[in-house]
Amino acid sequence: MITIHNWLKDLVNVTDEELSVINEITETTFINANEVILKQGQVSNRIGLILEGATRTIFTDNEGNEKNLAFMFEGEPLAVIDSFLNRIPSSVSSITIEPSTIIWTDYERYTTFLLRFPRYNTFILSALANWFADGKSRMEYLNKNSAKEKYESMCKLHSKIIERVPLMYIASYLGITQHTLSRIRAKK
């Protein structure tokens with residue numbers, strides 16, 4: 001299982017003091033599969049790191065139709081960043097796909113940590129830049145012309161999705177029907 005220390009040491013040189021504070025301001029929780037972590041319309045008060053498991057981010061329209069927007073796995077941050085940082089209602093929901101272990105901190109402890117260790121602001125900006133670049137890449141392949149091209153790009157760039165995410169969520173994510181997805185997979 002991934003630890004916060006191992007995850008951070010690959011990104012930044014963590015001091016013992018910083019690690020001690022991180023341990024003090026975080027808590028680890030286990031969440032069963034298919035549980036809502038954050039409901040659309042709520043303000044996100046937590047930011048986390050998935051230690052084990054998988055989640056999905058969805059948008060639900062006024063008619064109750066769900067659109068899968070993203071999947072997160074071990075070693076990836078879990079946050080609805082605009083809601084968390086700006087203290088506004090979330091436009092999406094986060095739901096576990098698998099039983100998941102997540103390490104969390106809340107907004108108050110997070111901001112206090114950044115005030116005490118301001119060098120992490122640069123780290124956060126870098127992480128956000130990477131996150132936005134991933135989102136841009138995702139938008140590019142999801143807007144390809146054919147369903148087959150979307151599927152092939154997803155498989156190449158995000159193999160964990162095809163290995164661990166139910167097909168109905170993948171079809172929604174790609175913007176195609178389950179029938180079309182099954183047909184594409186059958187031709188492989």
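Taking max minus min of the alpha-carbon positions on each principal axis, segment 39-85 gives extents of 34, 21, 12 Å, largest first. Under Stokes-Einstein, with the Kirkwood radius over Cα pairs as Rh, the value for the chain at 10 °C and 1.306 mPa s is 89 µm²/s. Relative contact order (percent) for segment 144-188, with alpha-carbon contacts under 8 angstrom and 6 or more residues of separation? It comes to 41 percent, rounded to a whole number. Placing pseudo-labels 7 Å out from each Cα toward the beta carbon at GLU108 and MET139 gives an inter-label distance of 3.6 nm.
Sites listed here are trypsin sites (Lys or Arg not before Pro) in segment 55-160 whose DSSP assignment is loop and whose Cβ has at most 13 other Cβ atoms within 10 Å: ARG87. Convex hull volume of the Cα atoms of segment 144-188, normalised per residue: 66 Å³. Computed on segment 4-134, with alpha-carbon pairs under 8 angstrom and 6+ residues apart, the relative contact order is 34 percent.
Look at VAL21, VAL36 and count the other Cβ atoms within 10 Å of each Cβ; fewest to most, that gives VAL36, VAL21.
Computed from the coordinates by the stated procedures, all read-outs in this text should not be read as laboratory data. These figures come from a predicted structure and were not determined experimentally. So basically every Cβ, Gly included, is an ideal-geometry build from the backbone, and we count neighbours across all protein chains shown.
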